[in-house]
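Here is the structure we will look at, set down as structure tokens.
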Amino acid sequence: MRRVRKYLVVVVGLMAATSTTSTSQTTPPPDYTHDHRLLKLEELFQALESPAYALAEDFLLAADRNGLDWRLLPSLAIVESGGGKNFKNNNILGWDSCNQSFPTVSAGIHHVASRLARSPLYRDKSLNGILSTYNPFVDYPARVKRLMRRLGPDHQGSPTGQ
């Protein structure tokens, strides 16, 4: 009886794990090789001597999968950690005042993107509303938006450039 119960726990656990896998986790990521946004991100990160250069595709993928402006996450990373120059807990976006820890920097980027897209604290807010909620300092929205403008206009938002 004990073996049957143990077996059932394992089977139920596996079923729960597979049922919570989203299509975004199982769908292969797009090829950003010829995406002009990737070039823009890499150029900005290089100009700032930012280690986040290596994460440019992660920023695009997280933004695309969560319907965010592609310029938002990298701009947050630059303001919050110098683009990965100064951070802790694999948290280059300063989420939860850097108190939240992530298994990898990429996991942190995807977590924050998901929260910005789905949390009632951020969902359906304007960019200024999102930024003011993210960090209440008065000049914070202007700092982030200045970096976003440096990357280019928002209409470059789709992987195909449409």
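The values are calculated or read from the model by the stated rules, or taken from the named source; none is laboratory data. Because the structure is predicted, anything quoted here is derived from the model rather than measured. As a convention, Cβ positions derive from the backbone with ideal geometry for all residues, glycine included, and neighbour counts pool all protein chains shown. All accessible areas refer to the heavy atoms of the entire protein, side chains included, with ligands and DNA or RNA removed. Shrake-Rupley method; radii C 1.70, N 1.55, O 1.52, S 1.80 Å.
The calculated FRET efficiency for HIS36 paired with GLN100, based on their beta-carbon distance and R0 = 45 Å, is about 0.90. On segment 30-162, 50 percent of the accessible area sits on carbon and sulfur atoms, based on a 1.4 Å probe.
Size descriptors for segment 34-152, from the alpha-carbon set: Rg then Dmax equal 12.9, 37 Å. Rolling a 1.4 angstrom probe over the protein heavy atoms with all chains in place gives segment 63-162 an accessible area of 51 Å² per residue. Backbone geometry of segment 35-51 corresponds, through the Karplus equation with coefficients 6.51, -1.76 and 1.60 at θ = phi - 60°, to 3J(HN,Hα) couplings of 7, 4, 5, 4, 4, 4, 4, 4, 4, 5, 4, 5, 4, 8, 6, 9, x Hz, x marking Gly and Pro.
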